[in-house]
Amino acid sequence: MYTFDPKWLEKLDAMRASGQEPYPSAVGLVPTHTSAELHTACEGSLDPKTVIPGEVAVAGRVMFRNVMGKAMFLRLQDRAGFIQVYARREEVGEAAFSVLKGIDIGDFVWAHGTLMRTKTGELSVQAKDGKFAAKNLSPFPDRFHTLSDVELRSRQRYVDLFMNPESQATFRTRSAVVRYIRDFFHARDFIEVETPMMQTIPGGATARPFITHHNALDIDLYMRVAPELFLKRLIVGGMERVFEVNRNFRNEGLSHKHNPEFTMLEFYWAWATYKELMDLTETLLSGVCVQVTGGHQIKFNDMDIDFTTPFRRADMDVLISEATGLSLHELRDSARMTAFWVEKNGSTDALPHTFGRWWEKLFEHYVEPNLVNPTFVTGFPAEISPLARRSDGDPDRTDRFELYVARWELANAFTELNDPVDQAERFAAQVKAKDAGDAEAMHFDADYIRALAYGMPPTAGEGIGIDRLVMLLTGRTSIREVILFPTHRPEAHG
RNA sequence: GAGCCCAUAGCUCAAUUGGCAGAGCACCGGACUCUUAAUCCGUAGGUUGUAGGUUCGAUUCCUACUGGGCUCACCA
């Protein structure tokens with residue numbers, strides 16, 4: 001239930017009683033220019049009427065209002081910025097002026113007239129007429145303080161967007177990032193595709209899925225945790241270069257960098273390896289950084305990050321060795337790593353038993369917190385890479401990299417495993433882990449094995465977290481600041 | 001899922017050791033023809049997140065609950 005404030009409803013009655021429709025159609029209320037178009041056109045001109053001599057019409061939400069007896073100023077906000085309207089009673093007439101005096105902060109208003117500058121030089125529309133376009137019925141937030149309540153800002157994004165221009169700017173940047181990415185791949189002969197959000201077998205990542213139900217088929221479906229296995233089916237089908245920018249759903253905790261639904265770019269490139277992907281990723285990320293920030297250097301939290309190419313490339317075990325002092329030889333010895341961990345951290349709880357799991361743990365603990373500038377980390381153990389191709393010459397490792405920026409994983413990529421027999425064995429191992437209680441382990445996807453059995457050309461594929469990329473490029477430190485409507489608990493009522 | 005912190009008017013914030021719950025903006029009424037955080041005068045706005053407890057007396061202290069923030073875990 002939403003309860004209207006009777007005080008504000010009375011305003012509607014009063015307007016209608018005086019012949020004013022509070023919610024007219026747009027007919028006759030269409031602006032001729034946006035605020036920014038007028039400011040741009042008249043920049044540097046002392047007398048804007050010489051630039052645009054005729055009448056202009058502007059429209060927007062009233063964000064500032066100053067009524068002074070027989071004259072008034074309104075500042076209208078439209079999608080491009082602000083424009084001031086100056087209305088004098090002697091010019092708009094008694095009737096129209098008294099209508100305009102009834103304007104509240106937050107109302108939508110249309111006005112037309114000629115351009116002028118005030119004595120302080122502000123470009124303004126000197127009104128010949130003005131009309132209500134849509135009435136606001138809510139008391140307005142304090143406009144001298146930014147709306148600071150993070151919860152309110154994301155629950156009521158509509159308020160955040162009109163109160164905090166920088167919030168709107170964040171989402172415009174997000175749009176620019178996605179657009180850049182689409183153009184980037186189209187220019188390289190990739191095609192954009194859409195694969196199932198609802199899957200009978202979830203796959204492509206180790207994560208807990210959401211489950212939903214299809215009534216007509218009477219089957220449970222899983223919201224996808226990744227599009228990977230479908231995109232690779234397209235490679236089998238001969239499409240060779242595909243990408244998808246879309247939502248994934250993971251049934252996991254919320255945090256400043258996790259939302260249950262989040263946006264991933266995934267792309268697959270036949271006849272390429274993870275090494276070409278590193279080159280492509282550098283070009284893409286440094287390019288989008290320049291596109292939306294104007295340069296290669298950004299600041300994020302207290303970190304200075306440089307997207308100048310080339311990015312650093314380093315093997316996982318080399319980085320772990322540097323950070324821990326353990327030799328590469330010792331990093332193949334689980335017992336040695338266990339002793340090291342117990343010595344440094346004391347804890348003996350739930351320690352790994354294999355070198356692959358140990359690398360994962362040591363990397364997260366000792367290396368990841370120091371990876372501020374973009375760094376391609378390579379040489380991942382096969383054990384923790386169930387969909388990646390084993391490296392020639394080292395079957396315990398894979399042709400895989402993760403890109404780290406600002407102490408986060410931003411991208412994950414590898415030369416794809418296209419050996420159907422190996423893939424079937426790795427699925428079987430995942431199923432075994434699942435049966436042993438690992439809720440995030442993968443299912444056995446027999447149709448995917450069937451697809452691979454037809455032959456998949458050598459292919460490399462990658463996923464990039466769009467939300468995190470946008471966070472970096474906008475300096476927003478919470479994922480809720482870059483997702484328009486992030487997931488919330490329902491509001492308490494009563 | 002765990003720990004710590006927060007919740008006062010529509011918004012931003014006060015309230016002295018536990019002693020009459022306040023201000024600015026928004027809203028309402030009035031004055032004002034270049035304001036831009038307009039100014040000036042006046043009114044109204046509250047079960048202090050919810051439910052209990054301690055106390056002569058609770059916004060203040062205690063408990064539980066609800067919502068949120070930060071950190072951790074899981075993960076991208």
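The values are calculated or read from the model by the stated rules, or taken from the named source; none is laboratory data. These numbers were taken from a predicted model, which means no experiment stands behind them. When we count neighbours, we look across all protein chains shown, and the Cβ atoms used for this are built from the backbone with ideal geometry, even at glycine. The area values use the complete protein model at the heavy-atom level, side chains included, leaving out ligands, DNA and RNA. Shrake-Rupley method; radii C 1.70, N 1.55, O 1.52, S 1.80 Å.
Of note:
- Cβ-Cβ contacts under 9 Å between residues 6 or more apart (or on different chains), taken from a first residue in the stretch A:411-437 that is modelled with pLDDT of 90 or more to a second residue that is part of a helix (DSSP H, G or I) and among the basic types (Lys, Arg), are listed as A:Thr415/A:Lys275; A:Glu416/A:Lys232; A:Leu417/A:Arg426; A:Asn418/A:Lys232; A:Pro420/A:Arg450.
- The stretch A:183-202, residues that are closer than 30 Å to A:Asn251 by Cα, acidic (Asp, Glu) and not in a loop (DSSP other than H, G, I, E, B): A:Glu192
- Criterion violated by A:Ile298 - all others in (1) in contact (Cβ under 8 Å) with a residue 60 or more places away in the chain; (2) closer than 23 Å to A:Ala169 by Cβ; (3) within 16 Å of RNA strand B (Cβ to nearest atom) satisfied: (3)
- Filter result for the condition that a residue is within 15 Å of RNA strand B (Cβ to nearest atom), open to solvent by 50 Å² or more (accessible area, probe 1.4 Å) and of a type in the set (A, V, I, L, M), over A:Ala436, A:Ala411: A:Ala436
- In the stretch A:112-168, the residue that is farthest from A:His39 (Cα to Cα) out of those that are touching a residue at least 60 places away in the same chain (Cβ under 8 Å) and of a type in the set (A, V, I, L, M) is A:Val150.
- Pair list, Cβ under 9 Å, 6 or more apart: the stretch A:1-30 residue open to solvent by 90 Å² or more (accessible area, probe 1.4 Å), other residue in a loop (DSSP other than H, G, I, E, B) and more than 11 Å from RNA strand B (Cβ to nearest atom): A:Arg16/A:Pro22
- Members of the stretch A:32-52 found to be over 31 Å from the mean Cα position of the chain (by Cα), touching a residue at least 24 places away in the same chain (Cβ under 8 Å) and open to solvent by 50 Å² or more (accessible area, probe 1.4 Å), listed by number: A:Thr32, A:Leu46, A:Asp47, A:Lys49, A:Val51
- Tally of residues being of a type in the set (A, V, I, L, M, F, W, C) and more than 17 Å from A:Ala411 (Cβ to Cβ) across the stretch A:243-270: 3
- Extreme residue, nearest to the chain's Cα centre (by Cα), among residues of the stretch A:218-244 that are open to solvent by 20 Å² or more (accessible area, probe 1.4 Å) and in contact (Cβ under 8 Å) with a residue 40 or more places away in the chain: A:Arg241
- Checking each residue in the stretch A:312-351 for being small (Gly, Ala, Ser), within 30 Å of A:Asn373 (Cβ to Cβ) and not in a loop (DSSP other than H, G, I, E, B) picks out A:Ala314, A:Ser321, A:Ala323.
- Counting the residues of the stretch A:134-157 that are away from RNA strand B (no atom under 11 Å from the Cβ) and closer than 30 Å to A:Ala17 by Cα gives 1.
- Only one entry in A:Leu362, A:Leu417 is within 15 Å of RNA strand B (Cβ to nearest atom) and either open to solvent by less than 60 Å² (accessible area, probe 1.4 Å) or in contact with a helix residue (DSSP H, G or I) (Cβ under 6 Å, 6 or more places away or on another chain) (or both), namely A:Leu362.
- Boolean, A:Asp396 is farther than 28 Å from A:Val245 by Cα and either in a helix (DSSP H, G or I) or of a type in the set (Ser, Thr, Tyr) (or both): no
- Filter result for the condition that a residue is modelled with pLDDT of 90 or more and either in a helix (DSSP H, G or I) or among the β-branched types (Val, Ile, Thr) (or both), over A:Tyr86, A:Tyr180: A:Tyr180
Residues are listed down the side, and each one gets a yes or a no for (1) assigned by TED's automatic domain parsing to the domain that holds A:Asp189; (2) more than 16 Å from RNA strand B (Cβ to nearest atom); (3) assigned to a strand (DSSP E or B):
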position	(1), (2), (3)
A:Pro209	yes, no, no
A:Leu229	yes, no, no
A:Arg233	yes, yes, no
A:Asn248	yes, no, yes
A:Leu265	yes, no, yes
A:Trp269	yes, yes, yes
A:Met278	yes, yes, no
A:Leu285	yes, no, no
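- All of (1) under 34 Å from the mean Cα position of the chain (by Cα); (2) near RNA strand B (Cβ under 8 Å from one of its atoms); (3) open to solvent by 20 Å² or more (accessible area, probe 1.4 Å) hold for A:Gln84 with one exception: (3).
- Within the stretch A:374-401, the residues that satisfy the criterion of being open to solvent by 10 Å² or more (accessible area, probe 1.4 Å) and within 13 Å of A:Leu277 (Cβ to Cβ) are A:Thr378, A:Arg389, A:Asp399, A:Arg400.
- Leading residue by the ranking (most open to solvent (accessible area, probe 1.4 Å)) among those in the stretch A:102-133 that are within 8 Å of RNA strand B (Cβ to nearest atom) and charged (D, E, K, R): A:Lys119
- The single condition from (1) open to solvent by 10 Å² or more (accessible area, probe 1.4 Å); (2) within 24 Å of A:Asn259 (Cα to Cα); (3) out of contact with any Gly (no Cβ under 7 Å at 6 or more places or on another chain) that A:His443 fails is (3).
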